[in-house]
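Peer 1: Here it is, the structure in full.
The values are calculated or read from the model by the stated rules, or taken from the named source; none is laboratory data. Keep in mind that this is a model prediction, so the values were computed, not measured. Neighbour counts run over all protein chains shown; Cβ positions are idealised from the backbone, glycine included.
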């Protein structure tokens, strides 16, 4: 029996619960780890522990699967990632690696890597100055604005023909493109802009494990919305991927360096394009739509590394 840690922040999260149950079904000990509770000592007897009542020495664990590092300041996220790096250096099998999680979370750098390797993605611009961003939105005529490190579709805006659109596609009369862009720059210091790809409110989430698509769903936005994230109320159904889409998803995961990932792909008039790579993906949507438990191939892959 091996000790397998599950890095999580919400013990009731479907994917976290399923990872723990799968580990137990495979006759191993599952150890929930919330890195917000970690404390470390550096010296002649360096240690890193989690918990108060029942302390867990992280360096005594045989393998780690990361469900979620949680939110926090730059210092907090860096510290949690550094703990995982330490565990890697101790020779502990760990998926996904902190490096790949960081790359996937960074929309600019991950998109750069996709572009460098010739994988299709929406035309992308990143600006720090309002006037530059305004010119880009005018040139594109229809575009999406995202936080660089956003998730679950939060904070996404759309500007079309000089107007900000609501999720329903109607014009938002309460703001202007200039005000919207300035708000994003004031909040994040940067604005990430992509051309809008018309797909009639649908996109695809491919779940990749060890360079294989183990399940896929098509997400359809609700009430004629153009935003298709499940967390924003879209509807998911099982999707049979073509060979082209499967190859694209697997290549994207490999380029980012993830052992498992959620690859979001949109299919427009120019064919499939990668929207983003999620290095800490939920498996709930795939399970509910396809009855496929992605945590099983994840843990099988991890235990093969032991």
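Peer 1: What is the number of the single condition among (1) at pLDDT below 95; (2) within 30 Å of residue 244 (Cβ to Cβ) that residue 101 does not meet?
Peer 2: Tallying (1) at pLDDT below 95; (2) within 30 Å of residue 244 (Cβ to Cβ), residue 101 fails exactly one: (1).
Peer 1: Check whether at least one residue in segment 16-23 is in contact (Cβ under 8 Å) with a residue 24 or more places away in the chain and over 27 Å from residue 211 (Cβ atoms), and report yes or no.
Peer 2: No, segment 16-23 contains no residue that is in contact (Cβ under 8 Å) with a residue 24 or more places away in the chain and over 27 Å from residue 211 (Cβ atoms).
Peer 1: Is there a residue in segment 118-136 that is within 25 Å of the chain's Cα centre (by Cα), without any contact (Cβ under 8 Å) to a residue 24 or more places away in the chain and assigned to a strand (DSSP E or B)?
Peer 2: No.
Peer 1: Right, next: Is there a residue in segment 235-245 that is surrounded by fewer than 23 Cβ atoms within 10 Å (Cβ to Cβ) and within 23 Å of residue 146 (Cα to Cα)?
Peer 2: Checking segment 235-245: at least one residue is surrounded by fewer than 23 Cβ atoms within 10 Å (Cβ to Cβ) and within 23 Å of residue 146 (Cα to Cα).
Peer 1: Follow-up. Would you point out which residue out of 114, 94 is free of Cβ contacts under 8 Å to residues at least 40 places away in the same chain, in contact with a strand residue (DSSP E or B) (Cβ under 7 Å, 6 or more places away or on another chain) and surrounded by 19 or more Cβ atoms within 10 Å (Cβ to Cβ)?
Peer 2: From the options 114, 94, the qualifying one is 94.
Peer 1: Looking at 303, 258, can you tell me which residue is outside the structural domain of residue 14 (by TED's automatic domain parsing), assigned to a loop (DSSP other than H, G, I, E, B) and modelled with pLDDT of 95 or more?
Peer 2: Sole residue among the options that is outside the structural domain of residue 14 (by TED's automatic domain parsing), assigned to a loop (DSSP other than H, G, I, E, B) and modelled with pLDDT of 95 or more: 258.
Peer 1: Given (1) in contact (Cβ under 8 Å) with a residue 40 or more places away in the chain; (2) buried (at least 16 other Cβ atoms within 10 Å of the Cβ), identify the lone condition not met by residue 198.
Peer 2: (2)
Peer 1: Now a separate question. Kindly check whether there is at least one residue in segment 3-11 that is surrounded by fewer than 21 Cβ atoms within 10 Å (Cβ to Cβ) and more than 30 Å from residue 188 (Cα to Cα).
Peer 2: Checked against the condition, which is being surrounded by fewer than 21 Cβ atoms within 10 Å (Cβ to Cβ) and more than 30 Å from residue 188 (Cα to Cα), segment 3-11 yields at least one hit.
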